[in-house]
Every structure is written in C-alpha cells, then in structure tokens.
Amino acid sequence: MTAILNIARTEWRRIFLSPLAWAVLAVVQFITGFVFINLIAQYAAASADGSDLGVSDVVAGSLYGFATVLLLLIIPLMTMRLFAEERKTGSITLLFSAPVSLTEIVLGKFLGVLGFIAVVVVLMALMPLSLAWSTDMDWGRVAAGLVGLFLLMMAFAAAGLFVSSLTREPTIAAVASFGLLLVIWLSNILAYNDSVPFKEVFSYLSLIDHFESLRRGVFATADVVYYFLFSALFLWLTVLRLDIERN
Amino acid sequence: MDTEANEVLIEARGLTRRYGPTVAVNRLDLTLRKGEILGLLGPNGAGKSTTMKMLTGNLAPSDGDVRIKGVSMREQPKLAKSSLGYLPEQPPVYPELTVDEYLGYCAGLHGVARKDLADALASAKRDCGLADVGHRLVGNLSKGYQQRVGIAQAIIHRPPVVILDEPTVGLDPIQIREIRTLIAELGRSHSVILSSHILPEIQAVCSRVMIIARGLVVYNEPMAATQGDASVIAGFKRAPQAVQLAGIDGVDGASPLGDDRFLVTPRKGADPREAIARAAAQNDWGLIELHAQQRTLEEIFVELTSGDLRAAA
C-alpha cells in the first residue's frame with residue numbers, strides 16, 4: 001500500500017510539474033467558464049419568460065453535460081505519458097526493478113491521475129459555488145453531476161492508462177486513447193438502429209449513457225458500478241500488458 | 001564472519017533467453033559471492049544487457065532461474081528484488097524532479113523507512129558526489145551527473161547486490177576515475193556486477209571477469225588468473241639484437257615491436273626486469289623504457305570473441 005501511495009504521490013507531482021497539466025487546466029477552465037456565463041445569461045433571459053427550469057438544472061445539467069465532451073479530449077492528453085514516456089526514456093526500468101508488483105505500479109499511476117482529475121472536479125465545482133451567495137442551489141444535484149464527471153474521467157483515465165502501456169510514443173497513446181474512448185462513447189448510436197442485433201447491449205456499454213442519469217441528479221448504483229467495472233477492466237488489462245512485456 | 005563472507009548472493013542456473021528463433025543468452029551460469037566485483041564483458045550484442053535484465057527481473061528468462069540471496073526471482077520477485085540495486089544503460093531518471101525528490105522517491109520504492117530516509121539520502125549523495133546538487137533538477141544536470149544520480153538510485157537502499165550496466169558511459173576521465181573508486185568501495189560491502197566495453201576499467205576494479213560472446217560464457221576466471229604471465233616491454237636508445245635480449249637471465253624470448261622497442265617474454269615465474277636493466281647498463285644500450293605488461297584482458301577478449309570456432313567450443 002505504501003508503494004502505491006508513493007508512486008501515486010510522485011506521479012501526481014510529476015503531472016503538476018509539467019506545463020501540460022497547467023495548460024490543460026487553463027484551457028478547460030476558460031472554455032467551461034465561457035459556456036457557464038453563456039448558460040447563465042440564457043437562463044436569466046428565459047426566467048424572464050417564466051421558465052420553470054432551476055438554476056441547478058442549467059449548471060449541473062447543461063454545463064456538466066458539455067464538459068464531458070471537453071474531458072473526452074483532454075484526459076487522453078493527461079494519460080498519454082504515463083507508461084509511453086517512461087518506456088521511451090527508459091525510466092520504467094526503475095519501477096520494474098524495484099520490489100513492487102505490477103498491480104502496485106498500475107494502481108499507483110492510476111491514483112496519481114485521479115489526483116489530477118480531483119483537481120478538475122474542484123474547478124468544475126467552483127462555478128456553481130460562485131452562484132451560492134445569490135441564489136439557492138440544489139447541492140445534491142450539483143454533487144451528483146460532479147460525481148458523474150469524476151466517474152466518467154476515472155473511466156477515461158483507466159482506458160488511457162491501458163493504451164499508454166501499449167506504445168512508446170506518447171502522441172500515439174493520446175490519439176489511440178481518444179479513438180478508443182470515442183468508439184465506446186458512440187457505441188450507443190448503434191442502439192438507435194433497429195436492424196442491429198442486441199442493440200440494447202451497445203446502448204448499455206456506451207460510456208456516456210451512464211452519465212445521463214447522474215447528470216440529471218439520479219445517483220443509481222448500476223451506473224456507478226459500470227464505471228468502476230470499466231476502470232477495473234482496463235487496469236487489469238494494463239497489468240497483463242506489462243506482464244507480457246517482461247516475457 | 002568467514003561463512004558470511006562466502007555467502008552466495010546471486011546464483012543463476014541455465015539462464016536462457018530466446019527472442020523468437022534467436023538465442024540471446026544461452027544456458028548462462030553465474031555465481032556471485034559477497035564482496036566480489038564481477039566484470040561482464042562482451043562485444044556489442046553479446047547478451048550482456050539481456051543477462052543483466054534477467055538478473056534484475058526486468059526480463060523473464062525463457063529457461064533457468066535466478067536466485068538473489070537464495071530467493072527465486074520467479075517465485076518471489078518482490079522479495080528477490082528488494083536485495084537488488086540496478087542501473088540500466090539509460091539512467092532511469094525523471095528530469096522534472098530535483099535530485100533529492102528523485103532519490104527520495106527511489107528510496108521509498110525500495111522500502112526505505114521514512115525515518116531512515118534522510119540518512120539514506122545523505123549517504124548515497126555523499127558516495128556519488130551529489131551533495132552539492134541535491135536541490136537541482138535532474139534534467140538540468142550534465143550527463144555525467146545524471147549517471148551519478150543513476151548510481152545513487154541503485155545504492156540508496158544499500159542492497160547487498162548492485163548491478164551496473166555500463167556505468168561510466170558518457171563520463172569524462174575524471175568522473176570515470178571517481179566512479180571507479182566508488183565501485184571499488186561498493187565492492188567491499190556489496191557484491192557488484194559491472195558491464196563495460198572499456199577493458200582497463202574492468203581490469204582496474206573487478207575481482208572476477210566473465211566474457212560473453214554470442215550469448216555464451218566463454219571466459220569466467222578470477223582477475224588474478226589473467227595476471228599470471230606478465231610480459232615485459234623494453235625500449236632502448238641504441239637497440240641490441242633480439243637474440244642478445246633473449247640471452248639474458250630469466251628471458252624466454254624477445255620480439256621487436258619496432259621503434260627499438262621489444263616485447264620480452266619471461267620464463268615461467270621469473271621477473272627479468274632487473275637483469276635487463278643491468279645488461280643495458282653494461283652494454284650501453286641506452287635503456288629508456290622498461291615495464292611489465294600483464295597479459296591484458298584485451299588480448300584474452302580478442303582471442304575469445306573474434307574466432308567463431310573458439311566461441312563455440
């Protein structure tokens with residue numbers, strides 16, 4: 001356990017020592033902030049017309065719904081280096097010759113990225129928080145949205161970690177994880193096609209459908225379990241992949 | 001204490017590594033006792049690095065097993081690796097961390113307790129001459145210093161076995177000397193395996209030499225064995241005939257090397273240098289150079305690795 005935490009701490013530190021993390025956070029914050037202000041302005045205009053939407057619907061619903069697309073783009077950038085760069089520079093040998101198991105290495109790296117994701121979630125939480133002084137927010141709703149974002153990013157990160165373990169080129173890892181995530185994301189379009197057999201399965205497997213209920217403020221165990229299973233699957237695949245590398 | 005001094009720290013039996021049809025390392029046996037420094041030599045692509053990767057658990061052998069302090073790398077890799085320190089060809093450093101942060105991380109990885117961390121850090125930095133650069137970023141250090149950081153990483157947890165893959169590559173001559181001194185010091189309290197292309201380096205620090213060619217061990221002897229039959233180089237202002245030199249007491253034969261220098265082969269167990277000096281003074285040959293030359297590792301190396309037939313034998 002100490003080994004996992006040690007690796008996670010160093011990974012988290014290295015993420016924030018790279019300008020990439022700050023650039024990504026800045027861009028994400030700028031774009032979501034821009035969308036946030038737009039949504040608020042729209043909401044203000046709509047409420048004058050007597051709309052029954054709450055402000056929490058706008059923030060947690062629309063803003064976080066939009067954020068998922070942005071996060072799909074940036075999480076591959078954050079996970080691309082995890083193994084690919086270490087392999088390229090040869091520093092992976094440090095981990096492989098240390099008395100730590102592959103599972104500990106993978107979990108440590110994963111926790112390190114989760115630390116970054118936690119920071120993104122905090123930034124996402126700041127926007128509704130800024131409204132707290134002027135209006136009553138439905139905090140449960142906002143929290144469900146944030147939990148959803150965290151779980152979604154966790155799943156993205158696990159897949160990205162796996163793809164990063166397949167190659168030694170960080171850019172290839174980024175492109176490939178983006179592609180992989182998008183395919184899993186879009187698998188729900190098959191569900192709209194009646195001629196596809198087992199179409200419900202594809203809808204169920206899609207990354208984004210499980211976010212919908214959380215976005216609407218419904219905390220369903222099935223969706224949470226889906227994200228955990230999804231992450232566990234890719235972490236396990238990563239361990240397998242690293243084990244193959246030694247053989 | 002005596003039994004402890006003979007403790008076997010690394011034992012590899014029948015180590016084989018195949019990459020598809022190519023056999024990189026073929027049935028390699030290796031035993032390393034406490035306090036020994038083993039030099040691993042071989043031409044490029046002979047299987048040195050592959051061997052070291054297998055010894056450190058970075059690569060699974062296709063056949064055979066490695067035991068570190070009696071613990072099997074296959075069955076209990078974590079326990080076996082805890083007695084190891086490894087510097088690969090590329091120092092496995094993170095350029096964005098400072099030397100202190102990086103070494104602290106390595107110490108943690110190798111299970112150094114938090115309370116011992118400061119001591120471990122200080123002694124590793126002292127041993128590798130890094131005391132002044134602790135706060136600097138690894139990426140900003142010169143190649144030589146990065147190499148030292150790599151060595152510090154390998155010894156920070158004071159493992160009984162240290163494995164260094166070409167530790168002096170990219171260093172300047174002064175740094176090479178310092179690293180050699182460091183390795184010799186390490187050899188007193190740890191067992192060291194060292195690979196290098198630089199033969200004098202192996203000759204200077206190692207107590208045993210292993211030469212690998214095409215994945216096979218072709219030579220595995222204590223360093224002393226290579227030093228048995230020293231020959232003598234003599235240079236003169238007014239050179240005598242080779243036969244005159246051969247007539248001197250204790251000389252078996254002499255062959256001219258050009259430039260009025262001779263390679264003198266002594267009789268078994270004899271040191272003819274004094275006699276040569278005396279003869280030179282008596283005959284006014286103008287002796288300007290006289291020294292013993294050990295049969296160099298280079299000669300052994302070339303002999304064993306150049307001919308295909310010999311290597312196969």
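In summary, A:S206 fulfils each of the numbered conditions (1) in contact (Cβ under 8 Å) with a residue 12 or more places away in the chain; (2) exposed (fewer than 14 other Cβ atoms within 10 Å of the Cβ) with the single exception of condition (2). Residues in the stretch A:134-154: is at least one more than 14 Å from chain B (Cβ to nearest Cβ), more than 17 Å from A:F211 (Cα to Cα), among the aliphatic types (A, V, I, L, M) and outside any loop (DSSP other than H, G, I, E, B)? No, every residue in the stretch A:134-154 fails to be more than 14 Å from chain B (Cβ to nearest Cβ), more than 17 Å from A:F211 (Cα to Cα), among the aliphatic types (A, V, I, L, M) and outside any loop (DSSP other than H, G, I, E, B). Whether a residue is more than 10 Å from every other protein chain (Cβ to nearest Cβ) and among the hydroxyl-bearing types (S, T, Y) was assessed, and B:S142 passes this test. Scanning the stretch A:229-247 for residues that are without any contact (Cβ under 8 Å) to a residue 24 or more places away in the chain and either under 20 Å from A:G145 (Cα atoms) or not in a helix (DSSP H, G or I) (or both) yields a count of 2. Within the stretch B:91-98, does at least one residue satisfy the condition of being more than 25 Å from A:L102 (Cα to Cα) and crowded, with 17+ Cβ neighbours inside 10 Å? Yes: one or more hits. Out of curiosity, is B:K48 within 30 Å of A:R13 (Cα to Cα) and among the charged types (D, E, K, R)? Here the answer is no, as B:K48 does not meet what is asked. On inspection, B:A24 passes the criterion of being closer than 18 Å to B:E166 by Cβ and either facing chain A (nearest Cβ under 10 Å) or touching a residue at least 60 places away in the same chain (Cβ under 8 Å) (or both). Determine whether A:G145 is out of contact with any strand residue (DSSP E or B) (no Cβ under 7 Å at 6 or more places or on another chain) and either crowded, with 17+ Cβ neighbours inside 10 Å or among the charged types (D, E, K, R) (or both). So A:G145 passes the test. Taken together, B:K125, B:K115 contain a single residue that is over 28 Å from the mean Cα position of the chain (by Cα) and more than 28 Å from B:M73 (Cβ to Cβ), which is B:K115. Filtering the stretch B:173-182 for residues that are part of a helix (DSSP H, G or I), touching a helix residue (DSSP H, G or I) at 6+ places or on another chain (Cβ under 7 Å) and among the charged types (D, E, K, R) leaves a non-empty set.
Among the residues of the stretch B:52-73, just one is of a type in the set (D, E, K, R) and within 11 Å of another protein chain (Cβ to nearest Cβ), namely B:K53. Within the stretch A:68-111, if we keep just the residues that are more than 10 Å from every other protein chain (Cβ to nearest Cβ) and without any contact (Cβ under 8 Å) to a residue 60 or more places away in the chain, the residue that is surrounded by the fewest Cβ atoms within 10 Å (Cβ to Cβ) turns out to be A:V69. If you filter the stretch B:149-182 down to residues that are at pLDDT below 85 and either of a type in the set (A, V, I, L, M) or in contact with a Phe, Trp or Tyr (Cβ under 9 Å, 6 or more places away or on another chain) (or both), you find that the one that is surrounded by the most Cβ atoms within 10 Å (Cβ to Cβ) is B:I179.
So which residues in the stretch B:82-124 are among the charged types (D, E, K, R), more than 10 Å from every other protein chain (Cβ to nearest Cβ) and either under 28 Å from B:I10 (Cβ atoms) or in contact (Cβ under 8 Å) with a residue 60 or more places away in the chain (or both), if there are any at all? Of everything in the stretch B:82-124, those that are among the charged types (D, E, K, R), more than 10 Å from every other protein chain (Cβ to nearest Cβ) and either under 28 Å from B:I10 (Cβ atoms) or in contact (Cβ under 8 Å) with a residue 60 or more places away in the chain (or both) turn out to be B:D116, B:D119.
The values are calculated or read from the model by the stated rules, or taken from the named source; none is laboratory data. A quick note: this is a predicted structure, and the numbers were derived from the prediction, not measured. Every residue, glycine as well, gets a Cβ built from its backbone with ideal geometry; the counts of neighbours run over all protein chains shown.
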